[in-house]
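Enquirer: I'd like to ask some things about the structure below.
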Amino acid sequence: MFIDELDRFGAEDVQLCYQCGDCSTVCPHADEVYKFPRKSMRLLQMGLEQKLETTLEPWLCYYCGQCSEQCPRDADPGETMMSLRRWLISRYDFTGISRMFFKSRITEVLAIIAVALLTGAFLIYYGLSGGSISIYDGEGAFLPSTFIHRFDLTIGAILLVFLVLNAIHMWYLVMIKGTPFNVPWWLYLKELYQLPWHFFTQKRYADCEKKREHKVYMPWLLHLGLMLGYVTMLLLVMVFIEQLQAGPAILWRVHIFGYLASVGLIAGTIYFIRSRFKKHYIQYKKSHGTDWVFVTLLFIIVVTGIAQHVFHRTGLYEPANITYVIHLMSVVPWLLRMPFSKWAHLIYRPLAMYFSAVRREALMRQVSILNSYPVVVK
Amino acid sequence: MRTGVFFCQTGDNRNLNIDAIAKYSANLPDVETVQILRLKPLPDLVFLREQIITHKLGRIVIAGDIPGYYKPVFTRAMAMAGGDTDEIHLASFQEHGAKGENAMDRAKAIVACATMGVPFPLAAIPGGNPVNHATLIIGGGIAGIQSALEIANAGKQVFLVEQTGTIGGHMAMFDKTFPTLDCAACILTPKMVSVGQHEMIRLLTRSKVVAVSGKPGSYRVKIRQSARFVDINACVACNQCAEVCPVRVKSEFDAGISLRKAIYIPFPQAVPNAYLVDEKSCSYILSEGKKCGVCVKKCPKECINLNEKDHITDIEVGNIILATGYELLDVSPIEQYGYGTFPNVLTSIEFERLTNASGTTGGRIVTKTKQFNRKLNKDEWVFSPEGVPPRSVALIHCVGSRNKKYNAYCSRVCCMYSLKFAHLIKEKVPNANVYEFYIDMRAFGKGYEEFAERIKQEGTFVVRGHSASVTMVDGQMAVRGEDIFNDRLVEFKVDIIVLAVGLIPSPGTEELSRMLGIQRDTDGWFSELDYNGSPTDTDRGGIFVAGMCQAPKDIPDTVAQASAVAAGVLGSLTSGKGIGHMSSVTLSEIEARAKTIHTI
């Protein structure tokens, strides 16, 4: 049963829903074209798997939790949307790895440990064969920055291949299979601005608060900080790693970005780990296994990254090299896991916003065509 | 006769230990074999035939929750074995009520009677206690009134205890009844008058039961009658006292939407038709005789005595009928509807009083108007006859009902009265838009579905989809909802919102259940003995339930149950066997009686 399968992704109480529509009423994002969560719940209850995989609604939800607070049946629509997002990630992924990870926490953890150990072995072997553990940078370094640069780019290329393929799969499901009417190509160009806009501002997340009285929505702010920090860091590591690793003098024009990104990452991860422990917001009440792996791994990466930086600048080269190896041991599984895990929503969400805008425009066009040219048979 | 007992119990019955009953039945006289068959779906025919032949069985007892289901198999087996097919007896635990505390003893008795071939009801006759022929009815709503009239018309004494100043209950507050749109008062008030004038009914208004003792057939009841401060027999309801009374408080009968004086009559048709003084607001009583007292001087009949004291009455009755009714759930915690914040959000009972012809606006449906209150020195929103009729009204079903946070159960009447409201609005304000937001339309009774269809044809926008959001923008309320059948989100600008509020047991229910030893279900309503078999009895003998206090139900069902209760009471009075209760009959008594019948 489809509903039982979704249970493994976290949607436990869908059967309780009796379709009153309270959730759609209170949702700040539900509108004329994209009505959710009730409709998604209904599709789920009816087991319309083929229909659900073409919907964009789960990506339009940012899980403010108002629907779950309001639900008269405790069917938890917010968590259902979250689970549908997990399921969609596994659906967009053609390899099936993601599905395995979401369904079994042990498989995921074992895979991460295996990749981490392999990476560690490779790095130590490389480091010992060409350099000394007491040299951090330059001639005879344990892990020279040119090597790391090449290493990063290789990992990045693998990551990119998977992400692009998955994104194309998503586009096929959503725009070809799930859109029964013609979408003109220029609509894609017209709405292209949506992609960077939603990527860098996450404006819709902030809109989650418009029905409440809070001035600033903390989850949004911290999520934005975390995301921007992560993207900056990714860019620095992929492109500017040689300047970043040079030292021990601080190269301000590069490092300032690194420090800012670290602040965002640290604040974000600590906030989200704390929330998942305290469960004071409804959206943190239920944490799926993958959520914990996500925040914990990110936290380890951030802490080891900062530690190796501090050790390097203070002249403790040996600890710096060791923490660097640990850092890379957590970074590599993290990056390789990215297209198969929750972190893929970095790509899917802005894409979904973009596709939803294109689809809405196309639908409006369709409606106006139908309205203006009545088909006269006789 | 050689008897075989076969237990056919599918599924679990938490109260019954089948193995223990089987052991007990093995020791009964003439029992040759006892077997526990746990066979699904049916026991094996050949096996049964062999059993009958090997044990030379002349009689078969099938025991279980639904033994009748297995009877055909046993009949065929018996016929194949050449036995007498009339000697197959059923020991049905479910039918004879083997549940609750005495479930095991009852089940054993059922099996014992069946092995002897004696019908269980013949052997297990409760009773023995002589019955007092007076009956106490607690609650003077339509249920209490109906029961009282049925019993009193049969010539038996009835004490009708009512907590407020008049009988009539909630039904007196209603304008029309669904689905026939009959005038509620036209049905109720003749009955009220009959109660007031009946020689066999003693009406005790403003009274409360404070203590009950005794056993089935003779209960001693202590009733505390609060002072009315007005002589019922002398008062002619001339209204002169109320004209001079300076105190104004919210009227309970008008659900708080209008004001009354401290000396008042709840409504003109009240029974007993006499004024009363509200001791909680009368300034004479509150100041202990230092202030006011103008009504005493004004009264032409000199029937007001503001120094009257409460007094206690002791009565003895044989049967007690509970008809304590219900009240509305407090909606103010359900914040999303803005009740208490937005002036024109009304509960169902408030709207009922607004649309009632005897209400504060004379039956005109209007929005609230702002009025300056000099005493509190601020603006207040009140209903006045000069109010403006609404351009659109939203009716929201299931407010607090079918909701795990408030009432998990369905309140059963809300769908129908909301439809009735829609009709009344269309009738009185023809060009108003009416929007009904519902989850499931529960129109379950005779003529109800047709009524719902009729309302839809009258131009009401019936939206399948609940609303959980009421907002106010520039003094204009807006209701947001999802129209599921038409697949769109809707937002309607409305002037009045009526909430179909869920029902809860009346506040005295818990105290009364403790006093009488009656159980309540998880939702707080009184528990009946058996929902299907005996919906009016309780687990104590001589105590019955009628109307809403058992579970939410509409007026026809309430009246039907009230009459059924009267039949139960009159049955106990006229049977001559005395009153008792099944739970009071012990296993040994039943066995002994069964043996006596068996030997005959």
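The values are calculated or read from the model by the stated rules, or taken from the named source; none is laboratory data. Since this is a predicted model, take the numbers as computed values, not measurements. Every residue, glycine among them, receives a Cβ derived from its backbone with ideal geometry; neighbour counts consider all protein chains shown.
Enquirer: Quick one: which helices (runs of 4 or more DSSP H) lie wholly within the stretch A:1-93 and hold at least 3 residues that are among the hydrophobic types (A, V, I, L, M, F, W, C)?
Expert: Hits in the stretch A:1-93: A:2-9, A:38-46, A:77-92.
Enquirer: For the stretch B:305-382, list the strands (runs of 3 or more DSSP E) that sit wholly inside it and hold at least 3 residues that are free of Cβ contacts under 8 Å to residues at least 24 places away in the same chain and not charged (D, E, K, R); which are they?
Expert: Ranges flagged: B:369-373.
Enquirer: Any residue that is over 23 Å from the mean Cα position of the chain (by Cα) and either under 24 Å from A:HIS149 (Cβ atoms) or not basic (Lys, Arg) (or both) - is there at least one of those in the stretch A:328-346?
Expert: No, there is no match, as no residue in the stretch A:328-346 is over 23 Å from the mean Cα position of the chain (by Cα) and either under 24 Å from A:HIS149 (Cβ atoms) or not basic (Lys, Arg) (or both).
Enquirer: Tell me which of these B:TYR417 doesn't satisfy, since it passes every other one: (1) under 22 Å from the mean Cα position of the chain (by Cα); (2) within 14 Å of chain A (Cβ to nearest Cβ).
Expert: Here B:TYR417 meets the rest and fails (2).
Enquirer: Check the stretch B:482-500 and report whether any residue there is away from chain A (no Cβ under 13 Å), surrounded by fewer than 20 Cβ atoms within 10 Å (Cβ to Cβ) and either free of Cβ contacts under 8 Å to residues at least 60 places away in the same chain or closer than 16 Å to A:ASP22 by Cβ (or both).
Expert: The answer is no, given that none of the residues of the stretch B:482-500 is away from chain A (no Cβ under 13 Å), surrounded by fewer than 20 Cβ atoms within 10 Å (Cβ to Cβ) and either free of Cβ contacts under 8 Å to residues at least 60 places away in the same chain or closer than 16 Å to A:ASP22 by Cβ (or both).
Enquirer: Is it true that A:LEU123 is within 14 Å of another protein chain (Cβ to nearest Cβ), assigned to a helix (DSSP H, G or I) and aliphatic (A, V, I, L, M)?
Expert: Considered against the rule, which asks whether it is within 14 Å of another protein chain (Cβ to nearest Cβ), assigned to a helix (DSSP H, G or I) and aliphatic (A, V, I, L, M), A:LEU123 comes out as no.
Enquirer: Let me ask another. If you take the residues in the stretch B:239-280 that are part of a loop (DSSP other than H, G, I, E, B) and surrounded by fewer than 16 Cβ atoms within 10 Å (Cβ to Cβ), which one is farthest from the chain's Cα centre (by Cα)?
Expert: So, considering only residues that are part of a loop (DSSP other than H, G, I, E, B) and surrounded by fewer than 16 Cβ atoms within 10 Å (Cβ to Cβ), the one farthest from the chain's Cα centre (by Cα) is B:PRO246.
Enquirer: Turning to a different aspect of this structure: Provide a single number: the residues in the stretch B:134-156 that are under 20 Å from B:GLY508 (Cα atoms) and of a type in the set (Lys, Arg).
Expert: 0
Enquirer: While we're looking at this one, here's another question. Find the residue count for the stretch A:59-102, including only residues that are under 15 Å from A:LYS39 (Cα atoms) and either without any contact (Cβ under 8 Å) to a residue 60 or more places away in the chain or β-branched (Val, Ile, Thr) (or both).
Expert: Final tally of qualifying residues: 5.
Enquirer: On to the next question. So, A:SER275, is that one over 17 Å from the mean Cα position of the chain (by Cα), surrounded by 15 or more Cβ atoms within 10 Å (Cβ to Cβ) and among the hydroxyl-bearing types (Ser, Thr, Tyr) or not?
Expert: So A:SER275 fits the description; yes.
Enquirer: Across the stretch B:501-514, what is the total count of residues that are away from every other protein chain (no Cβ under 13 Å) and surrounded by 16 or more Cβ atoms within 10 Å (Cβ to Cβ)?
Expert: 9
Enquirer: Right, here's the next one. Out of the helices (runs of 4 or more DSSP H) lying entirely within the stretch A:234-330, which hold 2 or more residues that are touching a residue at least 24 places away in the same chain (Cβ under 8 Å) and over 23 Å from A:TYR126 (Cα atoms)?
Expert: So the answer is A:252-278, A:289-313.
Residue by residue, here is whether (1) more than 14 Å from chain A (Cβ to nearest Cβ); (2) of a type outside the set (Asp, Glu); (3) more than 26 Å from the chain's Cα centre (by Cα); (4) buried (at least 16 other Cβ atoms within 10 Å of the Cβ) holds:
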site	(1), (2), (3), (4)
B:GLU350	yes, no, no, yes
B:LYS368	yes, yes, yes, yes
B:PHE383	yes, yes, yes, yes
B:GLY387	yes, yes, yes, yes
B:SER401	no, yes, no, yes
B:ARG412	yes, yes, no, yes
B:PHE421	yes, yes, no, yes
B:ASN433	yes, yes, yes, yes
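Enquirer: Looking at the stretch B:468-481, which of its residues are away from chain A (no Cβ under 14 Å) and either in contact with a helix residue (DSSP H, G or I) (Cβ under 6 Å, 6 or more places away or on another chain) or surrounded by 14 or more Cβ atoms within 10 Å (Cβ to Cβ) (or both)?
Expert: Passing the criteria: only B:MET477.
Enquirer: Looking only at the stretch A:62-110, count every residue that is surrounded by 24 or more Cβ atoms within 10 Å (Cβ to Cβ) and on the phi > 0 side of the Ramachandran plot and tell me the total.
Expert: So the count comes out to 1.
Conditions tested, residue by residue: (1) under 30 Å from B:ALA432 (Cα atoms); (2) in the same structural domain as B:TYR219 (by TED's automatic domain parsing); (3) at pLDDT 90 or above.
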{"site": "B:ARG488", "(1), (2), (3)": "yes, no, no"}
{"site": "B:PHE492", "(1), (2), (3)": "yes, no, yes"}
{"site": "B:LEU499", "(1), (2), (3)": "yes, no, yes"}
{"site": "B:LEU512", "(1), (2), (3)": "no, yes, yes"}
{"site": "B:ASP537", "(1), (2), (3)": "no, yes, no"}
{"site": "B:ALA546", "(1), (2), (3)": "no, yes, yes"}
{"site": "B:CYS549", "(1), (2), (3)": "no, yes, yes"}
{"site": "B:SER575", "(1), (2), (3)": "no, yes, no"}
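Enquirer: Something else now. Tell me, please, whether a residue that is of a type in the set (Phe, Trp, Tyr) and within 13 Å of chain B (Cβ to nearest Cβ) can be found in the stretch A:44-59.
Expert: no
Enquirer: Filter the stretch B:511-549 down to residues that are assigned to a loop (DSSP other than H, G, I, E, B) and either over 26 Å from B:PHE444 (Cα atoms) or touching a residue at least 40 places away in the same chain (Cβ under 8 Å) (or both), then give me how many there are.
Expert: Qualifying residue count for the region: 12.
Enquirer: Among the residues of the stretch A:143-180, which ones are buried (at least 16 other Cβ atoms within 10 Å of the Cβ) and not in a helix (DSSP H, G or I)?
Expert: Result: A:LEU143, A:PRO144, A:GLY178, A:THR179.
Enquirer: Only residues that are surrounded by fewer than 24 Cβ atoms within 10 Å (Cβ to Cβ), at the interface with chain B (Cβ under 10 Å from one of its Cβ atoms), out of contact with any Cys (no Cβ under 7 Å at 6 or more places or on another chain) and under 24 Å from B:VAL399 (Cβ atoms): list them for the stretch A:10-38, please.
Expert: A:LEU16, A:TYR18, A:GLN19, A:LYS35
Enquirer: Please work out which one of (1) of a type in the set (A, V, I, L, M); (2) in the same structural domain as B:ALA564 (by TED's automatic domain parsing); (3) under 21 Å from B:THR360 (Cα atoms) is the condition B:ALA270 fails and give its number.
Expert: (2)
Enquirer: Filter the stretch B:437-467 for residues that are within 29 Å of the chain's Cα centre (by Cα), within 14 Å of chain A (Cβ to nearest Cβ) and aliphatic (A, V, I, L, M) and give the result.
Expert: Hits for the stretch B:437-467 are B:ILE439, B:MET441.
Enquirer: I've got another one for you. Name every residue in the stretch B:19-43 that is among the acidic types (Asp, Glu) and either closer than 12 Å to B:PHE6 by Cβ or outside any loop (DSSP other than H, G, I, E, B) (or both), in order of residue number.
Expert: B:ASP19, B:GLU32 - these are the residues of the stretch B:19-43 that are among the acidic types (Asp, Glu) and either closer than 12 Å to B:PHE6 by Cβ or outside any loop (DSSP other than H, G, I, E, B) (or both).
Enquirer: Okay, moving on. Filter the stretch A:62-97 for residues that are of a type in the set (Lys, Arg) and over 13 Å from A:ALA11 (Cβ atoms); which is farthest from the other protein chains (Cβ to nearest Cβ)?
Expert: By that ranking, first place goes to A:ARG91.
Enquirer: Next question, about the same structure. Quick one: which of B:VAL111, B:VAL131 is modelled with pLDDT of 85 or more, within 33 Å of the chain's Cα centre (by Cα) and not in a strand (DSSP E or B)?
Expert: B:VAL131
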